[in-house]
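Here's the structure we're looking at; comments come further down.
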Amino acid sequence: MFMRRSHDFTFTGWHMAGVVCLFFGTIISVNVYMAYQAVHSWSGLVVENTYVASQQFNGKVEEAKRLAASGLSGTLTVGDGMIRYRMVDAAGRPVVADELTVRFKRPVGDHQDFELLLSPLGNGVYEAQREVLPGHWIVEVTGLKSGERILHHSKRIAVRGPAS
């Protein structure tokens, strides 16, 4: 014979409300976390045609390996209305290019992006006069010699606003 004990559990509406809150709270928490990760980790890279970009990928990887093996590097300086780049070889000797271009891109959006051709000052130093708005930028520097790319340097920088 079944006997009912006085301390048996009774599932009430409050228990159901707790289950519903935990269930939906978990789903909402995971969605908020995933949205945060997506916004803070997105590179901002946008291509016109993803199929064409995928077809060009292997060629770009080979070129990147060739450029890395060349040992050319540089130092970017941005401030006081000037953009300056000094290009050197693996031994630290100045490198002269026929053309040195810098492209400033915002990580998200393209309405403030710009590109400049830097003027040679000699001794591997190139410069252009341009005020750069404060904030985060992705800067791509490209050097050409005899029509061939000899340098491709990409760097993310933060430009500070005027001191107050």
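Only protein atoms count toward the accessible area here, which uses a 1.4 Å probe; on segment 1-110, the carbon and sulfur part of that area reaches 62 percent. Angle, helix 50-70 long axis vs. longest principal axis of the chain, Cα atoms, 0 to 90°, nearest 10? That helix lies at roughly 50 degrees to the long axis. Roughly how tilted is helix 13-41, in degrees to the nearest 10 and between 0 and 90, from the longest Cα axis of the chain? Rounded to the nearest ten degrees, it is 0.
Taking one quarter of the surface of the convex hull spanned by the alpha-carbon atoms of segment 50-89 gives a direction-averaged projected area of 4.3 nm².
For segment 91-164, the spread of Cα coordinates along the three principal axes comes to 40, 27, 22 Å, biggest extent given first. If you take the beta carbon distance between His152 and Val47 as r and set R0 to 22 Å, what does 1/(1 + (r/R0)^6) give as a FRET efficiency, to the nearest 0.05? The calculated FRET efficiency here is 0.80. Rg over Rh for the chain works out to 1.35, using Cα positions for both radii and the Kirkwood form for Rh.
Dividing the helix sum by the residues of the chain, where each DSSP H run of 4 or more adds -39500 (n - 2.57), gives a mean residue ellipticity at 222 nm of -11000 deg cm²/dmol. Mean separation of Cα pairs under 8 Å and 6 or more residues apart, divided by the residue count, gives segment 67-164 a relative contact order of 28 percent.
Among the GluC sites (Glu not before Pro) found in segment 59-137, those both in a DSSP coil and sparsely packed, with 13 or fewer other Cβ atoms within 10 Å of their Cβ, are Glu131. In this view, the solvent-accessible surface of Ser41, computed with a 1.4 Å probe and all protein chains in place, comes to about 90 Å². Across the alpha-carbon set of segment 68-126, the Rg to Rh ratio works out to 1.02, Rh being the Kirkwood radius.
The values are calculated or read from the model by the stated rules, or taken from the named source; none is laboratory data. For clarity, every value in this text was computed on a predicted model and none was experimentally measured. Reconstructed Cβ throughout: ideal geometry from the backbone, glycine too, with neighbour counts over all protein chains shown. Surface accessibility is based on the protein's heavy atoms, side chains included, excluding ligands, DNA and RNA. Shrake-Rupley method; radii C 1.70, N 1.55, O 1.52, S 1.80 Å.
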